[in-house]
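Following: one structure in structure tokens, then a few remarks.
The values are calculated or read from the model by the stated rules, or taken from the named source; none is laboratory data. Note that the coordinates shown come from a computational prediction; the quantities given were computed from them, not determined experimentally. For neighbour counting, all protein chains shown are included, and Cβ atoms are generated from backbone atoms with ideal geometry for every residue, glycine included. Just so you know, the surface numbers come from the protein's heavy atoms only, side chains and all, with ligands and any DNA or RNA stripped out. Shrake-Rupley method; radii C 1.70, N 1.55, O 1.52, S 1.80 Å.
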Amino acid sequence: MSREAWVLVVLAAVAALATLVGAVLLAVRVVRTRRMLGALGVGGKVAFYGALIYTILPVDVLPDPIYLDDMGVLAGALIYLGRLAAKQRAAQRAAGDASSGTLPAAPPTGPRR
């Protein structure tokens, strides 16, 4: 094998390893969001388990040495779960403000320094 071929093989291996590490890191972040699933409803559970099942199963849009599709599905699930969590926090704050009968504090109007 020529020197150029070895360089291409090494670069391909490094690229495959980098995408594998990225997919694993995204999977870990998705798994860490599992503790919020009870509060996020059915949509959150479907996004969570659907992303994990797609990542684990060997049937993919792209062949398995290329983890870009897996990373896209995991990133999409994280974005969706993050938005669901933000909506839930906003709803809890609104319910807390409504139940206490107080209005949110006005921003300070003094001179800026």
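Size of the dipole of the range 13-75 about the Cα centre, Lys and Arg at +1 and Asp and Glu at -1 on the beta carbon, nothing else charged, in debye to 20?
Details: 5 positive and 4 negative charges, 94 e Å.
My answer is approximately 460 debye.
So for the pair VAL42, ALA75, with labels modelled 7 Å out along Cα→Cβ, what separation do we get in nm?
Those two pseudo-labels are separated by 3.0 nm.
Please give the per residue accessible area of the range 1-75, computed with a probe of 1.4 Å over protein heavy atoms only, in Å². Please list the in-between numbers first.
Numbers: 5140 Å² over 75 residues.
Spelled out: the 1.4 Å probe surface of the range 1-75, per residue, equals 69 Å².
Tell me the carbon and sulfur percent of the accessible area for the range 11-99, rounded to whole percent, probe radius 1.4 Å.
Details: 4100 of 5750 Å².
Roughly 71 percent, rounded to a whole number.
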